[in-house]
Amino acid sequence: MTVNWKGLGYSAIVLVVGVGVGTWMIKTPKTTIPQTAEPVEVDILAGAPSIAAVVVKQLEFAPQLQLYSQLRSTQQVSIKASLSSDVLDVLVAEGDTVKAGARLVTLDTAAPQRQLSQLQYRRDDLVARRGLERQQFEANKAALPVEQNLLDIAQRSVDRLTDLKAQRLASISELESAERTLQTQRLSFQNRQQAIARFSLVDQQFQAQLAELDSQIDQAKAQLSDADVVAPFAGVVSQVQAQKGATVNAGTVLLTLVDPKQQRLEAWVSANAMNNLAVDGSVRGVIEVDGQLMAVKLQHIDPAAEAGSLRLFFQPEQSGSRLTLNRHYRLWLDMPKVSAFAVPASAVYSNRYVYHVSDNALSRRTVVILGERFENGQLWRLVAGELENANLLVTRLQNAAQGLAVRQVETLPMLAGQ
């Protein structure tokens, strides 16, 4: 019997294919025909940054020069100790208002009093020695004629004995004795003359020593009078450094006294920055005081420059302003007006560009910086360029670039001209 293997192979293949198809149909879910979906709106600004902008116009503005000023007093002195001593008492505290001549600090006067007494003892001794020298001078003048008479007598004795010796009526020893007496008397007479002659020089020395002592005594008396430290003018006490019981050296600062009525703001500025500024009393500015702005006016400029800088002096326009002495304040000085566009500082990139917002996209525009102005608590940059009625980006973006999509949510007011 012959087996038909070819027919069996086809049957097996058909069977395997059928089993595979059936298994796939069992595992595969029934396909459903989708219903027609509603149309979806796509937001093309999804993910775009929300920004604020400002519309600018070309107006007249006064650029401001930012300086750092310090409130100082034209009458401000450091009271120093006039002598080395102990501090007995400090009679004032910081902030006290004192009158001219008021006692501030008391120093111990024991040491300078002893020094003054010693100087006076030395002067008394010098006066006594000068008196003795004058008495001796008067005595020498009175004794000079007597010395002259004794010298004449000694000379006559020598002459007489010489004659007698020639007549062999006197011995050689008698003559020699008379000659010795003559020489001794002559020497005594010369000494008396020299003592009288040198008196004027000795007296000049005494006078010079007395003058020096008198100067030292006057200085010691002045130190004693300065032991009670008093106010040289009416003012306010500041920076009290003296402490009761402490030992201080001459020249040590004890405290500072200032006149609050003689205050002014001082600021330094480059001389080149002031070339176009006319100082005619109309120059104004503002300072920032505890978050508030206070108007100031330029009084005058120190004509002497120092290392290329000028010192400016300002005065607050509002009387009775409560500023703190020696404190630094930011100051914005108004310069001559220019025609410019005022934009917030955040709108300027790399000091060269701003971005115009149109159709929810940015376009870069080039500008030239003309100055700055601090207004309404905000720093504005004054720029020149093709910006009339331009809607400029204000929000600071790190990735600002040409064509960047943005979503404008706010329009800020522009800065009014002046």
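If the only charges are +1 at each Lys and Arg Cβ and -1 at each Asp and Glu Cβ, what is the size of the charge dipole of the chain around the Cα centre, to the nearest 20 debye?
900
Mean separation of Cα pairs under 8 Å and 6+ residues apart, divided by the residue count of the stretch 111-225: what relative contact order is that in percent?
Reported relative contact order: 49 percent.
Determine, from the Cβ-Cβ distance of ASP96 and GLU288 and an R0 of 35 Å, the FRET efficiency 1/(1 + (r/R0)^6), rounded to the nearest 0.05. Walk me through the numbers on the way to the answer.
Values: r = 30 Å, r/R0 = 0.85.
Approximately 0.75, to the nearest 0.05.
Counting only Cα, what are the radius of gyration and maximum Cα-Cα distance Dmax of the stretch 240-393, in Å?
Here Rg and the maximum Cα pair distance are 22.2, 79 Å.
Pull out the extension gain between GLN239 and ILE153, defined as 0.36 nm times the separation in residues minus the alpha carbon to alpha carbon distance; nm, one decimal.
Details: separation 86, 0.36 × 86 = 30.96 nm, distance 8.56 nm.
Result: 22.4 nm gained on full extension.
So what's the back-of-envelope 222 nm ellipticity for the chain, counting only DSSP H runs of four-plus at -39500 (n - 2.57) apiece and dividing by all residues, rounded to 500?
Values: 3 runs with 134 residues, N = 418.
My calculation for the chain gives -12000 deg cm²/dmol from helical runs alone.
Does anyone have the angle between helix 172-225 and the longest principal axis of the chain? Alpha-carbon axes, 0 to 90°, nearest 10?
Tilt relative to the chain: about 30 degrees.
Quickly work out the GLN398-to-ALA273 label distance, labels modelled 7 Å from Cα along the C-beta direction, and quote it in nm with one decimal.
3.2
Test of understanding: in a Gaussian network model of the chain with alpha carbons linked when under 10 Å, which of PHE341, PHE233, PHE137 would top the mean-square fluctuation ranking?
Its mean-square fluctuation being the largest, the pick is PHE137.
Considering the options GLN136, TYR353, LEU412, tell which one lies farthest towards the positive end of the dipole of the chain, charges being +1 on Lys and Arg and -1 on Asp and Glu at the Cβ, about the Cα centre.
The residue sitting farthest along the positive end of the dipole is TYR353.
Assigning unit charges at the beta carbon (Lys, Arg +1; Asp, Glu -1) and nothing else, what dipole magnitude in debye, to the nearest 20, does the stretch 111-225 show about its Cα centre?
Result for the stretch 111-225 is approximately 100 debye, rounded to the nearest 20.
Using the beta-carbon distance between ALA197 and SER173 and R0 = 25 Å, what value does 1/(1 + (r/R0)^6) give for FRET efficiency, to the nearest 0.05?
Calculated value: 0.10.
Tell me the volume per residue, in Å³, of the convex hull enclosing the alpha carbons of the stretch 111-225.
Convex hull of Cα atoms, per residue: 88 Å³.
Among PRO145, PRO112, PRO336, which one moves the most in a GNM of the chain with springs linking Cα atoms closer than 10 Å?
Of PRO145, PRO112, PRO336, the Gaussian network model singles out PRO145 as fluctuating most.
With everything on Cα atoms, drop me the angle between helix 110-166 and the longest principal axis of the chain, reported from 0 to 90° to the nearest 10.
Helix 110-166 and the main axis of the chain meet at about 30 degrees.
Using the basic label-point model (7 angstrom from Cα toward the beta carbon), what is the GLN136 to TYR353 distance in nanometres?
The two pseudo-label positions are separated by 10.3 nm.
Around GLN207, under 11 Å between beta carbons, what's the net of Lys plus Arg minus Asp minus Glu among the other residues?
-2
If one takes the longest principal axis of the Cα atoms in the chain, at what angle in degrees, from 0 to 90 and to the nearest 10, does the Cα axis of helix 5-27 lie?
Taking the Cα atoms of the chain, the angle to 5-27 is about 60 degrees.
What residue among ASP163, ASP290, ASP214 shows peak mean-square fluctuation when the chain is described by a Gaussian network model with Cα springs under 10 Å?
ASP163
With the crude spin-label approximation of a point 7 Å out along Cα→Cβ, what separation in nm comes out for ALA295 versus SER84?
It is 5.8 nm.
How much length is gained if the chain between ASN249 and GLN262 is pulled fully straight, taking 0.36 nm per residue apart and subtracting their Cα-Cα distance, in nm to one decimal?
Separation in residues times 0.36 nm, less the Cα-Cα distance, equals 1.6 nm.
Which translational diffusion coefficient, to the nearest whole µm²/s, is obtained for the chain from the Stokes-Einstein equation, given a Kirkwood hydrodynamic radius over C-alpha pairs, 20 °C and 1.002 mPa s?
63
Any idea which of ALA195, LEU397, VAL296 is furthest toward the positive side of the dipole for the chain, if Lys and Arg beta-carbons carry +1 and Asp and Glu beta-carbons -1?
LEU397
Please give me the summed charge of the neighbours of GLU147: other residues whose Cβ is under 12 Å from its Cβ, Lys and Arg +1, Asp and Glu -1.
Neighbour charge sum, excluding GLU147 itself: +2.
Under 5 Å between amide H atoms, partner at least 5 residues away or on a different chain: which partners does THR395 have, H built in plane at 1.01 Å?
Close amide H contacts, sequence-distant or interchain: ALA52.
Can you give me the three principal axis dimensions of the stretch 311-418 from its C-alpha atoms, in Å, biggest first?
Here the Cα extents, ordered largest to smallest, are 53, 25, 23 Å.
Could you tell me the relative contact order of the chain? Use alpha-carbon pairs under 8 Å, at least six residues apart, and round to a whole percent.
So the answer I get is 30 percent.
Values quoted throughout were computed directly from the atomic coordinates according to the rules given, and no laboratory measurement underlies them. Model, not experiment: these values are computed from the prediction. No Cβ is skipped: glycine too gets one built from the backbone with ideal geometry, and neighbour counts run over all protein chains shown.
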